[in-house]
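The block underneath contains the structure these notes are about, expressed in structure tokens.
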Amino acid sequence: MPKISVKDLPINGKKIFLRVDFNVPLDENLNITDDTRIRESLPTIKYILENGGIPIIASHLGRPKGKFDPKQSLKPVAGRLGELLNREVKFAPDCIGPEVKKIVDGLKQGDVLLLENLRFHPEEEKNDANFAKELASLAEIYVNDAFGAAHRAHASVEAITHYFENPACGFLMEKELQYLEGALKNPKRPLLAIIGGAKVSTKIGVLKNLLDKVDNLVIGGGMCFTFYKAKGLNIGKSLCEDDFINETKPLLDNPKVYLPVDVVVAKDIKPGEKIGTVSIEKIPHDCAGVDIGENSIEAIKKFIQDAKTIVWNGPMGVFEIDEYAKGTEEVAKAIANATEKGAISIVGGGDTVAALEKFNLKSKISHVSTGGGASLEYLEGKELPGVKALKDK
Ligand code: AMP
């Protein structure tokens, strides 16, 4: 790991500004519907507490656009975190200002403080230096565990690091980077990437960057159809981004690239509209491709069985509708089986993680990334500002 970790720092008796990603989903009654992100940072919080540090925890939640919004308050998160830690978590009504300073001054060892939503201040997303300085003045040490926010140069992620000598990563950040770096820089081979999802426009950078790193690249989901159109095939009513047809051409004849050979077609992308499975040359003009077909599933399973490292981002079809979920489910199952047999699997992206949850396979994957956008930018080969800002070992 090339970055300094919380483990490398003398934290006993020190106040730690801990940036986490507690951007959890809330229902209309402000109940947390999925606390994964809170649980994922527990190892770092517990380590700080067990080693005498005082965590001052900060996060964003939702998109409040720089204004206070009670519906996007982190207050429910303080309650949930307290339950998980089995101790009281104090909650500050803001993240900067004299009142917060006073609460922070009163903290002692064993206390945990959660600050209010960073994005209630427009300066957060502007990477504002003065705002960052105010945040930094609350603590003596900076630790970033918010992998999910690492692709954003925001004040609590980037500008703040300039006020600390050794900005360090927490255990979740470390784990995310270890898996992604391991997969892309020093993978056990064959390395297989499976990239799907709706839009080629959001993933063309990933495909291009992965091409010379992987041994095999499977492309599935709605974005396939832009490739088929580039090949001159009739794609009926399937998703297509005409502006990206040219961008797909360099990938088309690459021997590493596998495109599905058959697709499930439907009259509409709705339940109850399924027509059947056809080869990709025979998509009816009044139908849309909604899932990969059996022959493609079998071929992709073979790639998965042979791979030692598997990176997966993006579903193979419209998995939210059961009739069109088979391709995604079979791919997920095959990755889970391969993982059981020793392959390393890394899955990222909100929809792909939702698919794993739907099929109850999340626990069977080596690493499920908490950062959809951040992992995608990493796979694109971009340097994440929140990672760059941390101190090298
Ligand atoms: P993304 O956010 O780009 O990973 O896209 C995920 C979405 O792609 C999911 O909501 C899927 O329903 C959708 N998707 C996958 N395959 C298709 C397809 N063949 N046609 C339309 N949408 C699709």
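The values are calculated or read from the model by the stated rules, or taken from the named source; none is laboratory data. All values reported here derive from a predicted model rather than from experimental measurement. Counting neighbours? That spans all protein chains shown, and the Cβs are built from the backbone with ideal geometry, glycine included.
Here are a few things to note about the model shown:
- Test for Cys240: is it in contact (Cβ under 8 Å) with a residue 60 or more places away in the chain and more than 20 Å from the chain's Cα centre (by Cα): no
- Some residue of the stretch 174-183 being under 30 Å from Asp242 (Cβ atoms), in the same structural domain as Ala325 (by TED's automatic domain parsing), touching a residue at least 12 places away in the same chain (Cβ under 8 Å) and crowded, with 22+ Cβ neighbours inside 10 Å: no
- Scanning the stretch 212-237 for residues that are within 28 Å of the chain's Cα centre (by Cα), surrounded by 19 or more Cβ atoms within 10 Å (Cβ to Cβ) and assigned to a loop (DSSP other than H, G, I, E, B) yields Val214, Gly220.
- Among (1) assigned to a helix (DSSP H, G or I); (2) surrounded by 18 or more Cβ atoms within 10 Å (Cβ to Cβ); (3) among the β-branched types (Val, Ile, Thr) - the single one Ile245 does not satisfy: (2)
- So Lys308, is it basic (Lys, Arg) and under 18 Å from Gly196 (Cβ atoms): no
- Cys224 under 17 Å from Ile292 (Cβ atoms), modelled with pLDDT of 95 or more, in the same structural domain as Lys326 (by TED's automatic domain parsing) and out of contact with any Pro (no Cβ under 8 Å at 6 or more places or on another chain): no
- Condition met for Val318 (within 16 Å of the ligand (Cβ to nearest atom), modelled with pLDDT of 95 or more and closer than 26 Å to Glu176 by Cβ): no
- Test: residue in the stretch 159-173 that is within 16 Å of the ligand (Cβ to nearest atom), touching an Asp or Glu at 6+ places or on another chain (Cβ under 7 Å) and modelled with pLDDT of 95 or more: no
- Some residue of the stretch 211-220 being in the same structural domain as Glu241 (by TED's automatic domain parsing), closer than 26 Å to Ile365 by Cβ and out of contact with any strand residue (DSSP E or B) (no Cβ under 8 Å at 6 or more places or on another chain): yes
- Any hit, the stretch 236-252, residues being small (Gly, Ala, Ser), more than 26 Å from Ala334 (Cβ to Cβ) and within 12 Å of the ligand (Cβ to nearest atom): yes
- Test for Val206: is it outside any loop (DSSP other than H, G, I, E, B), within 13 Å of the ligand (Cβ to nearest atom), within 29 Å of Leu184 (Cα to Cα) and β-branched (Val, Ile, Thr): yes
- Listed by first and then second residue, the pairs linking a residue in the stretch 219-236 that is on the phi > 0 side of the Ramachandran plot to a residue that is among the aromatic types (Phe, Trp, Tyr) and within 11 Å of the ligand (Cβ to nearest atom), with Cβ atoms under 9 Å apart and 6 or more places separating them unless they lie on different chains, are Gly236/Phe225.
The rows are residues; the columns are (1) buried (at least 24 other Cβ atoms within 10 Å of the Cβ); (2) touching a residue at least 24 places away in the same chain (Cβ under 8 Å).
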| position | (1), (2) |
| --- | --- |
| Asp291 | yes, yes |
| Glu298 | no, no |
| Lys308 | no, yes |
| Lys326 | no, yes |
| Ala336 | no, yes |
| Glu340 | no, yes |
| Leu361 | no, yes |
| Ser375 | yes, yes |
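- Checking Pro190, Pro167 one by one, the residue that is under 27 Å from Glu330 (Cβ atoms) and either surrounded by fewer than 24 Cβ atoms within 10 Å (Cβ to Cβ) or outside the structural domain of Phe227 (by TED's automatic domain parsing) (or both) is Pro190 and no other.
- Among the candidates Leu61, Leu113, Leu30, Leu81, the residue that is in contact (Cβ under 8 Å) with a residue 12 or more places away in the chain and over 23 Å from Glu357 (Cβ atoms) is uniquely Leu113.
- Enumeration of residues in the stretch 20-78 that are closer than 18 Å to Leu115 by Cβ and small (Gly, Ala, Ser): Ser41, Gly53, Ala58, Ser59, Gly62, Gly66, Ser73, Ala78
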